[in-house]
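Each remark here refers to the structure printed beneath this line.
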Amino acid sequence: MAETLHRSPSAERPVRFGQLLGRLVLAGLVAGALAGVFSVLVTERAIAPALEIEQARAAAGGQDHDPELFGRGTQLLGGFLGTLLAGAALAVVFAAVYGLVRHRLPGRTDFARVTLLAAIGFGVVALLPALKIPANPPAVGDPDTVGTRTAIYAAVLLCGIVLVMLVSALVSLLRSRGVSVAATTTAAVAATAVLLVLILLLVPDSPDTIAADVPAAVVWNFRLASLGQLAVLWTALGLAGGWWIDHLTRAAGSEG
């Protein structure tokens, strides 16, 4: 890990990685807070119908509904705090990756580079798994398939990382040979599309099926809300982190 971060190849006062990490962790906390608010206001409304279906199943089966150890309000608070901490943890990983690949990212400013890396992260960690093995509400899913579903998610995540590495290598190769920006962009988009299709076709689907008593709207509302929550997290991390890092490197350059 490089100990310093430069705004440009020109001689400027370096920025320490600790400063970069601090700004991005702060951005991660902001992102986690916004994602937590989204969870309370939007995702919770998508979960409620699924919980009602589970309760109806228990009642139809003659089973008493066991009282929850923690009330729903306490669970929501715990979920919000968990999202807040997840945002900070994500920011630590994001800072480490950004410190390693910043010099390879296109863009004239750190704001552009940070937001681009956040967009790539959202695509690999959130969007691609959502296409292949989307999240399901509480009323859907067999507990016995948790291991299989986790393995599929890990495989999709690994494939997404490999996809980014291959496309990045292709772009670097074309640039080194003097290929135009337009041609390089076209080749990168085409390679991404081909690799994406291969991932969607070759990686196994989720083994779970949706029961007949679960309306399609309940499933899709939950999936969209879950993806929306991740979109808020990554967008806020990219925008807030990009602004703070760009401000930091500009200030360091002006002092140099």
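Long hydrophobic helices in the chain: the complete DSSP H runs spanning 27 Å or more by Cα along their own axis with mean Kyte-Doolittle hydropathy of at least 1.0 are 17-38, 72-101, 146-176, 181-202. For the pair A56 and D144, label points projected 7 Å from Cα toward Cβ lie 2.5 nm apart. Summary of packing: across the peptides 109-117, 79-87, the per-residue average of other C-beta atoms within 10 Å ranks them, highest first, as 109-117, 79-87. Note on the chain: the alpha carbon radius of gyration divided by the globular reference 2.2 N^0.38 Å gives 1.19. Charged neighbours of P134, selected by a Cβ distance under 12 Å, balance to +1 (K, R count +1; D, E count -1). Peptide packing for 18-26, 160-168 was compared via the average number of neighbouring C-beta atoms within 10 Å per residue; ordered from the highest value, the list is 18-26, 160-168.
The modelled label-to-label distance between D213 and A251, using points 7 Å beyond Cα along the C-beta direction, is 5.8 nm.
Multiplying the sequence separation of V162 and L41 by 0.36 nm and subtracting their Cα-Cα distance, what value in nm do you get? Mind dumping the intermediate values first?
Values: separation 121, 0.36 × 121 = 43.56 nm, distance 3.53 nm.
Once the chain is fully extended between V162 and L41, it gains 40.0 nm.
Working ranking of peptides 97-105, 233-241 by packing, defined as the average number of other Cβ atoms within 10 Å per residue, highest first, is 233-241, 97-105.
All of the numbers you see were taken from the coordinates with simple rules; none came from a lab. Because the structure is predicted, anything quoted here is derived from the model rather than measured. Because the Cβ atoms are built from the backbone with ideal geometry, glycine has one as well, and the counts that use them run over all protein chains shown.
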